[in-house]
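Asker: My questions all concern the structure below.
The values are calculated or read from the model by the stated rules, or taken from the named source; none is laboratory data. What you see is a predicted model; the values in this text were computed from it and never measured. Neighbour counts are summed over all protein chains in view; Cβ atoms, including those assigned to glycine, are modelled from backbone coordinates with ideal geometry. Accessible surface areas use protein heavy atoms only, side chains included; no ligands, DNA or RNA. Shrake-Rupley method; radii C 1.70, N 1.55, O 1.52, S 1.80 Å.
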Amino acid sequence: RDWSSDVCSSDLVSVIGGHSGWYYGPLLWRVRGFLDLLVGGVGLRRGRRDPEVPLVGDTLDFWRVEVYEPNRRLRLAAEMKLPGRAWLEFEAVPDADGTGTTLYQTAVFDPVGLSGILYWYALVPLHGLIFEGMLREIAQRAVTPSAPPAGQAA
């Protein structure tokens with residue numbers, strides 16, 4: 001599924017994860033990390049190598065950087081325990097008139113078996129909430145850089 005936001009700062013995408021968090025639903029991300037640990041996954045404990053610049057091969061919590069093109073594209077492959085394979089991609093596309101940028105966020109899931117299909121469809125509403133919230137928060141912080149992350153005090 002694709003989500004998009006009309007305003008973005010690609011710098012906000014490059015610092016995602018680790019201490020910066022995921023911009024929306026911090027409790028939900030922590031719960032997902034805890035559940036991953038319970039089933040033998042890596043959870044959120046890995047953080048990130050560098051707080052500002054991701055490199056291909058770096059870990060960002062329970063994701064691994066597959067593609068990073070500064071100010072343009074970040075694709076993460078999931079390393080959490082899942083009944084399939086998953087990717088999360090952000091792509092920043094400058095507007096034709098040069099006045100802004102549109103940020104596209106794409107979540108891809110390649111299910112394995114019936115459990116994978118059931119997993120994905122059971123979580124579609126939650127994924128929609130989280131990914132749309134992430135884009136809203138990134139857009140808000142691009143317009144108002146001093147705004148605190150959602151769920152955090154100023």
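Asker: Within region 20-37, track down each residue that is buried (at least 19 other Cβ atoms within 10 Å of the Cβ) and closer than 18 Å to A139 by Cβ.
Answerer: Within region 20-37, G21, W22, Y23, Y24, G25 meet the criteria.
Asker: Which residue pairs have Cβ atoms closer than 9 Å, lie 6 or more positions apart in sequence or on different chains, and pair a first residue in region 34-51 that is more than 17 Å from R64 (Cα to Cα) with a second residue that is in a helix (DSSP H, G or I)?
Answerer: none
Asker: Here's something else I'd like to know. Counting only residues that are over 20 Å from L82 (Cβ atoms), in a strand (DSSP E or B) and modelled with pLDDT of 90 or more, which one in region 48-71 is farthest from the chain's Cα centre (by Cα)?
Answerer: Residue satisfying both the conditions and the ranking: E69.
Asker: Take G128 and tell me if it is within 22 Å of L27 (Cα to Cα), under 18 Å from the mean Cα position of the chain (by Cα), assigned to a helix (DSSP H, G or I) and at pLDDT below 95. Spell out how you get there, then give the answer.
Answerer: Working: within 22 Å of L27 (Cα to Cα): yes; under 18 Å from the mean Cα position of the chain (by Cα): yes; assigned to a helix (DSSP H, G or I): yes; at pLDDT below 95: yes.
Answer is yes for this residue.
Asker: Of all residues in region 38-58, count the ones that are open to solvent by 40 Å² or more (accessible area, probe 1.4 Å), over 21 Å from S14 (Cβ atoms) and of a type outside the set (K, R).
Answerer: 3
Asker: Could you please give the count of residues in region 78-112 that are surrounded by fewer than 16 Cβ atoms within 10 Å (Cβ to Cβ) and without any contact (Cβ under 8 Å) to a residue 24 or more places away in the chain?
Answerer: The number of residues fulfilling the criteria is 8.
Asker: Sort through R85, R136, R45, R75 and tell me the only one that's in a loop (DSSP other than H, G, I, E, B) and of a type in the set (D, E, K, R). Steps first, answer last, please.
Answerer: Numbers: R85 fails: in a loop (DSSP other than H, G, I, E, B); R136 fails: in a loop (DSSP other than H, G, I, E, B); R75 fails: in a loop (DSSP other than H, G, I, E, B).
Selected residue: R45, the only one of R85, R136, R45, R75 that is in a loop (DSSP other than H, G, I, E, B) and of a type in the set (D, E, K, R).
Asker: Just to be sure, is D61 open to solvent by less than 50 Å² (accessible area, probe 1.4 Å), within 16 Å of R32 (Cα to Cα) and either free of Cβ contacts under 8 Å to residues at least 24 places away in the same chain or in contact with a strand residue (DSSP E or B) (Cβ under 9 Å, 6 or more places away or on another chain) (or both)?
Answerer: Working: open to solvent by less than 50 Å² (accessible area, probe 1.4 Å): yes; within 16 Å of R32 (Cα to Cα): yes; either free of Cβ contacts under 8 Å to residues at least 24 places away in the same chain or in contact with a strand residue (DSSP E or B) (Cβ under 9 Å, 6 or more places away or on another chain) (or both): yes.
When the stated conditions are applied, D61 passes them.
Asker: While we're here: Pull out all pairs, ordered by first then second residue, where Cβ-Cβ is under 8 Å, the residues are six or more apart or on different chains, the first lies in region 113-131 and is within 27 Å of V13 (Cα to Cα), and the second is open to solvent by 70 Å² or more (accessible area, probe 1.4 Å) and not in a helix (DSSP H, G or I).
Answerer: Cβ pairs passing all conditions: V124/R1; H127/R1; G128/R1; F131/R1.
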